[in-house]
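*Asks:* A single structure is presented below for examination.
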Amino acid sequence: MDIRRVFGESLKRARNKAGLSQENLAEIVGVEWKHISRLECGERFISAETLEEIIDALQVEPAQLFGQPEAEELLQIICFIECSQDAIHTTTQLIPAAPQQHTAQSAQSLN
């Protein structure tokens, strides 16, 4: 795992969610926009001071910037999995029933 890349992707996602451009975030944090760009591309790693400023600016938990999803994202993933499992269960129940229904309808039409 490339921690710089994970951090960069998470930073970009959090920045976009906050509705900030690289320039806006850079101004708030007190760095050049190129520094934010390099962080997001995984070209550079962040200093502790800049990390604190970014966490404050984006109102995120540090773990979110290192690849740990928010509770809301986890709930969405869980809901997706559960819905998918329900759909699979329903589909597997319908598939065996379909030929039987079709056979019954065919038999009725022959009479």
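Every read-out reported here was derived from the displayed coordinates using simple, explicitly stated rules and does not represent laboratory data. What you see is a predicted model, and the numbers here were worked out from it, not measured in a lab. Glycine also receives a Cβ, built like all others from the backbone with ideal geometry; neighbour counts cover every protein chain displayed.
*Asks:* Determine the sum of side-chain charges near residue 43: Lys and Arg each +1, Asp and Glu each -1, restricted to other residues whose C-beta is under 14 angstrom from that of residue 43. Don't jump to the answer; show the numbers that get you there.
*Replies:* Numbers: positive: 4, 5, 12, 34, 38, 44; negative: 2, 9, 32, 40.
Result for the neighbourhood of residue 43: +2.
*Asks:* Excluding residue 34 itself, calculate the net charge of residues whose Cβ lies under 15 Å from the Cβ of residue 34, where each Lys or Arg counts +1 and each Asp or Glu counts -1. Display every interim value, and only then the final one.
*Replies:* On the way: positive: 12, 15, 38, 44; negative: 23, 27, 32, 40, 43.
In short, -1.
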